[in-house]
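Peer 1: Here's a structure for you.
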Amino acid sequence: QVQLVESGGGLVQAGGSLRLSCAASGSISSISDLAWYRQTPGNQRELVARITHNGWTTYADSLKDRFSISRDNAKNTVYLQMNSLKPEDTAVYYCWGAIATRPNAMLNAYWGQGTQVTVSS
């Protein structure tokens with residue numbers, strides 16, 4: 001049993017910064033890739049950033065210059081640093097992880113509950 005718990009969302013003014021955190025807990029054997037997604041009402045959930053177990057990162061092209069993903073493997077935590085925020089960044093942000101709960105087991109996909117980020121103009 002694995003849980004991903006997000007924190008750090010809230011209201012921020014345009015141009016400001018925010019750092020989201022997502023901590024994995026429970027029966028964790030290993031964590032492979034971690035990622036952040038976001039979703040607004042009526043839209044599909046879109047990938048914001050992804051980081052491999054080795055620390056290689058991938059970003060949505062439109063966000064690469066403002067967002068940065070990182071991870072702390074000792075804390076089973078992934079972060080999303082968001083800078084120069086715009087009102088269009090307003091969304092529910094979800095963390096995602098490919099996690100094995102037992103040694104040599106397959107990786108399962110887990111989602112956090114989501115955290116609201118609202119950017120005011």
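The values are calculated or read from the model by the stated rules, or taken from the named source; none is laboratory data. Note that the structure is a prediction, hence the values are computed from the model and not measured. Here the Cβ is made from the backbone with ideal geometry for all residues, glycine too, and neighbour counts use every protein chain on show. In case anyone asks, the SASA skips ligands and DNA or RNA and just uses the protein heavy atoms, side chains included. Shrake-Rupley method; radii C 1.70, N 1.55, O 1.52, S 1.80 Å.
Peer 1: From Ala23, Ala109, Ala105, grab the single residue that is open to solvent by 30 Å² or more (accessible area, probe 1.4 Å) and modelled with pLDDT under 95.
Peer 2: Values: Ala23 fails: modelled with pLDDT under 95; Ala109 fails: modelled with pLDDT under 95.
Testing whether each residue is open to solvent by 30 Å² or more (accessible area, probe 1.4 Å) and modelled with pLDDT under 95 leaves just Ala105.
Peer 1: I've got another one for you. So Ala35 clears everything in (1) open to solvent by 50 Å² or more (accessible area, probe 1.4 Å); (2) in contact (Cβ under 8 Å) with a residue 60 or more places away in the chain except one condition, right? Which one?
Peer 2: Ala35 satisfies every listed condition except (1).
Peer 1: If I filter the stretch 80-89 for residues that are among the hydroxyl-bearing types (Ser, Thr, Tyr) and open to solvent by less than 60 Å² (accessible area, probe 1.4 Å), do I get at least one hit?
Peer 2: For the stretch 80-89, residues among the hydroxyl-bearing types (Ser, Thr, Tyr) and open to solvent by less than 60 Å² (accessible area, probe 1.4 Å): absent.
Peer 1: Show me the strands (runs of 3 or more DSSP E) found entirely inside the stretch 40-121 where at least 1 residues are among the polar types (S, T, N, Q). Before you say what the answer is, go through the steps one by one.
Peer 2: Numbers: elements: 46-51, 57-59, 67-72, 77-82, 91-100, 108-111, 115-120.
Where strands (runs of 3 or more DSSP E) fall fully within the stretch 40-121 and carry at least 1 residues being among the polar types (S, T, N, Q), they are 57-59, 67-72, 77-82, 108-111, 115-120.
Peer 1: State all residues of the stretch 1-20 that are over 14 Å from the mean Cα position of the chain (by Cα) and either surrounded by 16 or more Cβ atoms within 10 Å (Cβ to Cβ) or farther than 17 Å from Trp36 by Cα (or both); if no residue qualifies, say none.
Peer 2: Within the stretch 1-20, the subset over 14 Å from the mean Cα position of the chain (by Cα) is 1-2, 10-17.
Matches in the stretch 1-20: Gln1, Val2, Leu11, Val12, Gln13, Ala14, Gly15, Gly16.
Peer 1: May I ask you to list pairs of residues, at least six apart or on different chains, whose Cβ atoms are under 8 Å apart, with the first in the stretch 41-65 being within 16 Å of Val117 (Cβ to Cβ) and the second being among the acidic types (Asp, Glu) and surrounded by 10 or more Cβ atoms within 10 Å (Cβ to Cβ)?
Peer 2: From residues that are within 16 Å of Val117 (Cβ to Cβ), the pairs are Ala60/Glu46.
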